[in-house]
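Below: the structure, in structure tokens.
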């Protein structure tokens, strides 16, 4: 929505050459990210956090190896690695990125188990406000009013979602907490015959 409004005075207006394609790619990426989170929530609630994190690592490794295959000539050349000037800043940046990804993928299953994918996805939308705060206070740039409108809508959505109670499952459960077992309600006479 903000791509098609008039630019803010004093801001960088050098956008991409294909804003519609960019919008489509962002929406597609958001859809797949949300779909992934819902699937991960399902797996976390059915199998457990440790198994989900383990499978993320195993399948992530396999997908990465498959993605490397077409680019093996350029990636496995040691000369390109030797050409990098390995300074302390570069090493710290790579270590910081690695640590943050490790923490993210270790904590997300816990968050998904406790609050669900919907709350997680809504909460991630609020992270854009940090970019707005940094842009305003550190770079002294102005932002469009639509950012604040979007943040207000997300905040209202978070409040509505967190204040409405979950729908209770009305399926009766047996004493062993199994709601999938076949059962039938016995009347008083049939219950006394079963006891004898």
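The values are calculated or read from the model by the stated rules, or taken from the named source; none is laboratory data. These numbers were taken from a predicted model, which means no experiment stands behind them. Glycine gets a Cβ as well: all are built from the backbone with ideal geometry, and neighbour counts include every protein chain shown.
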Residue 66 passes all but one of the listed conditions (1) modelled with pLDDT under 90; (2) in a helix (DSSP H, G or I); (3) surrounded by 10 or more Cβ atoms within 10 Å (Cβ to Cβ); the exception is number (3)
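For every residue, the table says whether it meets (1) at pLDDT below 90; (2) surrounded by fewer than 10 Cβ atoms within 10 Å (Cβ to Cβ); (3) under 26 Å from residue 54 (Cα atoms).
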position	(1), (2), (3)
97	no, no, yes
120	yes, no, yes
127	yes, yes, no
144	yes, no, no
158	yes, no, no
169	yes, yes, no
187	yes, yes, no
Conditions (1) within 30 Å of residue 42 (Cα to Cα); (2) without any contact (Cβ under 8 Å) to a residue 12 or more places away in the chain -> residue 108 fails only (2)
